[in-house]
Amino acid sequence: MRPSRRPSQPPSPRPAQSPSPRPSRRAAVCLTLLLLAGLTWSSHGAAPAAAFEPAPGVADLVEDIDQILEDSRLTPARAGVVVHSAASGEELYARDRGKILTPASNAKLVTSAAATEILGSGFRFTTSVLSTGRRTGSTLTGDLYLKGTGDPTVLASDYDALAARVAAAGIRRVTGRLVADDTWFDAVRLGTDWSWDDEPYYYAGQISALTASPDTDYDAGSVIVSVAPGPAAGRPAKVSTTPETGYLKIDNRAVTGAETDVLVERQHGTNTVLITGTVADPYDEWVTVNDPTGYAASLFRAALDRHGVRVPGRTARGATPSGAATVAERRSMPLSELLVPFMKLSNNMHAEILTKSIGREVSGAGTWSAGLAAITSFAQANGMPTLRMRDGSGLSRVDGLTPGGVAGLLLALRGKPWFDTWYGSLPVAGEADRMVGGTLRSRMRGTPAAGNVRAKTGSLTGVTSLSGYVTGADGEPLVFSIMINQYLSASPKDIEDKIAIRLARFSRTAPASIPAVPAPRTTSTVPELECSWSKPGRC
């Protein structure tokens, strides 16, 4: 739904301002408009109209955001901020509106909107089981194919359900091979510019047209590795996986100890998971798999075996022949529903799978280059003339958006017939429910922004962004984009919060004070990622 109207907030006394040796931005705004008015007066012989006097609320807003951005943490950094009235399109504030900045997960605003426009909100992925050859009683003389189109919502239980349907169709023995068909997408698994040391972590999972998720966050291409203490101190820790799979090789060197200080990490380029350290309490880690296609095929083969379908032939790779007969099929939830875990939890894999799906839809090529070309064209046609997209999620540090372009896109999207559905997928400030508040659920609580600001977060080390929608104190809808790059301090997300709360207090007629927001308790030694990327979603 669209931003709701909020009741006016009582005016707060403005803090006393100390004398400044330079004119304030408010004074500069006033002077500029008065000079324009004077020129009009001298040219036409009429007194300047009152319409040239700036609305006090707008001038106050400009001055307050300027003051917020004077924070010393931004001295070596780059910060761009743009605010528009969504009702009129009027630009209320701008700093470095046209500068290219690293957006982090704000890139998902572009990808999700392009996917909804190009694929449609009713778009569904399909995963199919097909056969070639002939049937003689319960024997299939030929190959059995498992064909995927990128569905990130397939769980191990879904592969089990597909296997059950194969058995229900009367097939008990397949003389040929089990063939995994992931040709809907190309074979490039990792995004351009992704850091090699992110490879084991589930927010950088490999992209394949055949994949599986371990949970209903739909973290495609990952397995949950659970570590628990053993029977006594010094004894080996207990290790299990969700789902149960032999696809990973577990190298367990962790022992039971007085505290939990454990590292669970898949070794680079392998499916060996090394576990070291001490364990006192149960601990879970989400770990990517190497080659999701092989992983998905292994889950399906195990499910076939459980349901009494024997496939003695090897597991192979290849395209399904055009004449193959469908034995069973699974369709995913529609995109309108997938947008919720995608955007609320900032799921990178959903973004990249949708990027390749867009490429497949537009040009018949399930590649990053084809998808990104279509996403770029969509953005340029919808208020964002300048951008550089190297992936769909924002994990690449070479991605580049401008605050003005993001704000322009947010304005343009309000006119789309699917806007309400897309808008509902954005995280909501201060809402505790994980699938409502998302990455904003712990921020701006107890302020006029809580339940009001709907925006996409973005976080990488040295990068933070927040862009979206908020309703001012008088019910005026606003769009905003805040992008901060290259800071050396702890995360300045409290600066974003101050601006967003100030916008929630915005009135064209009544003054409002700069909100006090505590700085986040983080240190520069901890990698800064989307809070939902630190499982189990500790935001």
Discussion item. Could you go through the range 165-184 and let me know if any residue there is over 20 Å from the mean Cα position of the chain (by Cα), free of Cβ contacts under 8 Å to residues at least 12 places away in the same chain and not assigned by TED's automatic domain parsing to the domain that holds S369.
Written reply: yes
Practice prompt. Considering only the range 168-188, state which residues are surrounded by fewer than 19 Cβ atoms within 10 Å (Cβ to Cβ) and either among the polar types (S, T, N, Q) or under 17 Å from D291 (Cα atoms) (or both).
Written response: T175, T183, A187, V188
Item to complete: Filter the range 431-476 down to the residues that are closer than 16 Å to S491 by Cβ and β-branched (V, I, T), then identify the one that is modelled with the lowest pLDDT.
Response: T461
Item to complete: Could you please find all residues in the range 234-276 being over 28 Å from the mean Cα position of the chain (by Cα), more than 17 Å from S298 (Cβ to Cβ), not hydroxyl-bearing (S, T, Y) and not in a loop (DSSP other than H, G, I, E, B)?
Response: P236, K238, V239, D251, N252, V255, D261, L274, I275
Worksheet entry | Flag for F480 being at pLDDT 95 or above, buried (at least 22 other Cβ atoms within 10 Å of the Cβ), hydrophobic (A, V, I, L, M, F, W, C) and assigned to a loop (DSSP other than H, G, I, E, B) | no
Worksheet item: How many of the residues in the range 489-520 are surrounded by 24 or more Cβ atoms within 10 Å (Cβ to Cβ), over 16 Å from S459 (Cα atoms) and either of a type in the set (A, V, I, L, M) or touching a Lys or Arg at 6+ places or on another chain (Cβ under 8 Å) (or both)?
Response: 6
Worksheet item: Looking only at residues in the range 196-233 that are assigned to a helix (DSSP H, G or I) and of a type outside the set (A, V, I, L, M, F, W, C), which one is farthest from the chain's Cα centre (by Cα)?
Response: D197
Worksheet item: Has the range 325-332 got at least one residue that is of a type outside the set (A, V, I, L, M), out of contact with any Cys (no Cβ under 8 Å at 6 or more places or on another chain), within 30 Å of A113 (Cα to Cα) and part of a loop (DSSP other than H, G, I, E, B)?
Response: yes
Practice prompt. With respect to G437, determine if the residue is under 15 Å from the mean Cα position of the chain (by Cα), within 21 Å of L339 (Cα to Cα) and either free of Cβ contacts under 8 Å to residues at least 40 places away in the same chain or in a loop (DSSP other than H, G, I, E, B) (or both).
Written response: no
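Let's see how each residue does on (1) surrounded by fewer than 16 Cβ atoms within 10 Å (Cβ to Cβ); (2) of a type in the set (F, W, Y):
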| residue | (1), (2) |
| --- | --- |
| I275 | no, no |
| Y283 | no, yes |
| V311 | no, no |
| P321 | yes, no |
| A328 | no, no |
| I353 | no, no |
| L372 | no, no |
| T376 | no, no |
| G383 | no, no |
Practice prompt. Test each condition in (1) buried (at least 17 other Cβ atoms within 10 Å of the Cβ); (2) outside any loop (DSSP other than H, G, I, E, B) for N290 and report the one that comes out false.
Written response: (2)
Worksheet item: Taking the range 357-403, which residues are in a helix (DSSP H, G or I) and either modelled with pLDDT under 95 or in contact with a Lys or Arg (Cβ under 6 Å, 6 or more places away or on another chain) (or both)?
Response: G371, P403
Practice prompt. Would you mind stating whether A237 is modelled with pLDDT of 95 or more and closer than 18 Å to T288 by Cβ?
Written response: no
Practice prompt. Considering every residue within the range 394-417, establish whether at least one is closer than 21 Å to A104 by Cβ, without any contact (Cβ under 8 Å) to a residue 60 or more places away in the chain and within 18 Å of the chain's Cα centre (by Cα).
Written response: no
Worksheet item: Going by the structure shown, is L109 touching a Leu at 6+ places or on another chain (Cβ under 9 Å), hydrophobic (A, V, I, L, M, F, W, C) and either assigned by TED's automatic domain parsing to the domain that holds A180 or over 26 Å from W194 (Cβ atoms) (or both)?
Response: no
Practice prompt. Identify the residue in the range 154-189 that is touching a helix residue (DSSP H, G or I) at 6+ places or on another chain (Cβ under 7 Å) and assigned to a loop (DSSP other than H, G, I, E, B) and, among all such residues, is farthest from F300 (Cα to Cα).
Written response: V188
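Here is a yes/no grid of residues against (1) part of a helix (DSSP H, G or I); (2) in contact with a strand residue (DSSP E or B) (Cβ under 9 Å, 6 or more places away or on another chain); (3) modelled with pLDDT of 95 or more:
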{"residue": "A46", "(1), (2), (3)": "no, no, no"}
{"residue": "I65", "(1), (2), (3)": "yes, yes, yes"}
{"residue": "L92", "(1), (2), (3)": "no, yes, yes"}
{"residue": "S105", "(1), (2), (3)": "yes, yes, yes"}
{"residue": "V110", "(1), (2), (3)": "yes, yes, yes"}
{"residue": "G122", "(1), (2), (3)": "no, no, yes"}
Worksheet entry | Inter-residue pairs, beta-carbon under 7 Å, first among the polar types (S, T, N, Q) and in the range 60-73, second modelled with pLDDT under 95, 6+ apart | Q67/I514
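The values are calculated or read from the model by the stated rules, or taken from the named source; none is laboratory data. Since the model is a prediction, treat every value here as computed from it, not as a measurement. Heads up, the Cβs are rebuilt from the backbone with ideal geometry, glycines too, and the neighbour counts pull from every protein chain shown.
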